[in-house]
Amino acid sequence: MKLLTLSLLCISTFTFSALAQDKPADNSARNQRDRSGETKTSGDQSNDSEDIKITAAIRRAVVKDDSLSMTAKNIKIITANAMVTLRGPVLDSHEKTRIDKLARAAAPGAKVDNQLEIKPAS
């Protein structure tokens, strides 16, 4: 009896977890955009020591800021020729603006291209 109950419980848990998924993640359009070469990706990060210092300074500032979500802390920061590109999802306009300010403060001599996207509410 216990084995039957345990089996039914496991099966129902797997069934409910499968039903709980609204829709599968579909990043096809975003992946295609990134493959086109028209947008900056992490592969475009320069190996120049000054560019690496700029990226590291911005990353430290972003990670240190407790007002930002983990999603915001995981953005892409790409620097090439003192041109910083910020890409990735953030939860709201406050995070987008805050990261832009942090980047400009951490790298005052660099140009900042803020391409952060506000993640739609799910």
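The values are calculated or read from the model by the stated rules, or taken from the named source; none is laboratory data. All figures in this text were calculated on a predicted structure; none of them were measured in a lab. We place every Cβ from the backbone using ideal geometry, glycine too, and count neighbours over all the protein chains shown.
Tell me, please, whether a residue that is assigned to a helix (DSSP H, G or I) and modelled with pLDDT of 95 or more can be found in the range 73-88. Steps first, answer last, please.
Taking the range 73-88 as the starting set, the residues that turn out to be assigned to a helix (DSSP H, G or I) are 73.
This time we only want the ones that are modelled with pLDDT of 95 or more, so: 73.
Within the range 73-88 (the criterion being assigned to a helix (DSSP H, G or I) and modelled with pLDDT of 95 or more), the answer is yes, since at least one residue qualifies.
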Q: State all residues of the range 65-82 that are surrounded by fewer than 17 Cβ atoms within 10 Å (Cβ to Cβ), within 27 Å of ASN47 (Cα to Cα) and more than 15 Å from the chain's Cα centre (by Cα); if no residue qualifies, say none.
A: ASP65, ALA80, ASN81, ALA82
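Quick check on ARG60: is it charged (D, E, K, R), out of contact with any strand residue (DSSP E or B) (no Cβ under 6 Å at 6 or more places or on another chain) and either surrounded by 15 or more Cβ atoms within 10 Å (Cβ to Cβ) or more than 25 Å from PRO120 (Cα to Cα) (or both)?
Details: charged (D, E, K, R): yes; out of contact with any strand residue (DSSP E or B) (no Cβ under 6 Å at 6 or more places or on another chain): yes; either surrounded by 15 or more Cβ atoms within 10 Å (Cβ to Cβ) or more than 25 Å from PRO120 (Cα to Cα) (or both): yes.
Criteria met by ARG60.
May I ask you to list the residues in the range 60-87 that are among the aliphatic types (A, V, I, L, M), touching a residue at least 24 places away in the same chain (Cβ under 8 Å) and more than 17 Å from GLY109 (Cα to Cα)? Quick ask: steps written out before the conclusion?
Narrowing the range 60-87 to residues among the aliphatic types (A, V, I, L, M): 61-63, 68, 70, 72, 75, 77-78, 80, 82-84, 86.
Those still in the list that are touching a residue at least 24 places away in the same chain (Cβ under 8 Å) too: 61-62, 68, 72, 75, 77-78, 80, 82-84, 86.
If the condition is that a residue be among the aliphatic types (A, V, I, L, M), touching a residue at least 24 places away in the same chain (Cβ under 8 Å) and more than 17 Å from GLY109 (Cα to Cα), then VAL62, LEU68, ALA72, ILE75 are the ones that fit.
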Q.
I'm trying to understand the selection: among the residues of the range 102-122, which are more than 15 Å from THR55 (Cβ to Cβ), touching a residue at least 12 places away in the same chain (Cβ under 8 Å) and among the hydrophobic types (A, V, I, L, M, F, W, C)?
A. LEU116, ILE118
Q: Identify all residues within the range 82-113 that are of a type in the set (A, V, I, L, M, F, W, C) and on the phi > 0 side of the Ramachandran plot; write none if there are none.
A: ALA82
Q. What number of residues within the range 87-109 satisfy the criterion of being of a type outside the set (Ser, Thr, Tyr), farther than 11 Å from LEU68 by Cα and surrounded by fewer than 20 Cβ atoms within 10 Å (Cβ to Cβ)?
A. 9
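In the list ASP100, ASP22, which residue meets the criterion of being modelled with pLDDT of 95 or more and either in a strand (DSSP E or B) or among the acidic types (Asp, Glu) (or both)? Even if it seems obvious, please write down each step before you answer.
Numbers: ASP22 fails: modelled with pLDDT of 95 or more.
Step by step, each of ASP100, ASP22 is checked, and only ASP100 is modelled with pLDDT of 95 or more and either in a strand (DSSP E or B) or among the acidic types (Asp, Glu) (or both).
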